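Following: one structure in structure tokens, then a few remarks.
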Amino acid sequence: MTIQKPVELVLLLGSLRSGSFHRALAKALPDLAPSGVTISLLGSIGDIPHYNADVQAEGFPDTVHAMGGGIAAADGVVVVTPEYNYSVPGVLKNALDWLSRLPSTPFAGKPVSIMSGSPGPIAGARAQYHLRQIMVFLDAIVFTKPEVMVGGINTKVDVAAGTVTDEATRQFIGDHLQAFVQFVDRLSPKS
């Protein structure tokens with residue numbers, strides 16, 4: 001695939017742990033992306049305070065403005081998240097709750113790719129489906145095929161190196177990113 005113009009994606013990581021399998025997956029994505037595609041990590045969702053309407057009434061935190069601005073400026077968003085208790089991590093949901101309240105609605109019309117994994121075989125599928133529901137409210141446009149759900153993620157990434165070590169998984173994620181970039185291109189306004 002030849003990319004006509006550079007594509008800038010931002011990455012929203014749903015895990016806080018420094019030794020997270022998902023952090024390793026996220027770090028590997030720029031190397032797996034097609035030529036001409038940059039993937040930049042947004043700020044940490046851990047830096048966003050718990051949502052509170054009283055805090056919002058005093059003004060949105062700078063961390064929320066910065067994350068919203070990064071999303072709005074990007075061509076698309078990649079969300080990499082674990083599954084917690086059959087759903088998305090609370091800290092990710094909190095960040096999305098804040099972002100949903102920004103007047104600029106940064107996710108509106110934005111192409112979104114979702115990736116998940118787990119040591120088990122279900123690979124975060126329930127978190128992905130809950131996240132898809134949340135994205136409907138945010139008016140995002142979620143890329144649906146091929147889905148990236150990495151079962152046995154603990155055997156397919158090197159946490160210390162931040163790489164995907166399983167060749168079949170590397171190839172599949174690379175194919176997914178290529179298809180996502182084509183999806184982003186189809187949705188982008190033509191000059």
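Worth pointing out:
- Criterion: at pLDDT below 95 and closer than 24 Å to GLY90 by Cα - qualifying residue of ALA140, ALA108, ALA125: ALA125
- Residue check for ALA26: part of a helix (DSSP H, G or I) and without any contact (Cβ under 8 Å) to a residue 40 or more places away in the chain: no
- Close pairs (6 angstrom Cβ cut-off, 6 or more residues apart or separate chains): in contact (Cβ under 8 Å) with a residue 40 or more places away in the chain and crowded, with 16+ Cβ neighbours inside 10 Å in segment 64-91, assigned to a helix (DSSP H, G or I) and among the basic types (Lys, Arg) anywhere: GLU83/ARG126
- Among the residues of this structure, PHE183 counts as one that is modelled with pLDDT of 95 or more, more than 15 Å from the chain's Cα centre (by Cα) and not aliphatic (A, V, I, L, M).
Per-residue answers, yes or no, for (1) part of a strand (DSSP E or B); (2) in contact with a Lys or Arg (Cβ under 8 Å, 6 or more places away or on another chain); (3) surrounded by 14 or more Cβ atoms within 10 Å (Cβ to Cβ):
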| site | (1), (2), (3) |
| --- | --- |
| SER40 | yes, no, no |
| PHE60 | no, yes, yes |
| ASN94 | no, no, yes |
| THR105 | no, no, yes |
| SER116 | yes, no, yes |
| ALA123 | no, no, yes |
| ARG126 | no, no, yes |
| ARG132 | no, no, yes |
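The values are calculated or read from the model by the stated rules, or taken from the named source; none is laboratory data. Being a predicted model, the structure only gives us computed values, none of them experimental. Reconstructed Cβ throughout: ideal geometry from the backbone, glycine too, with neighbour counts over all protein chains shown.
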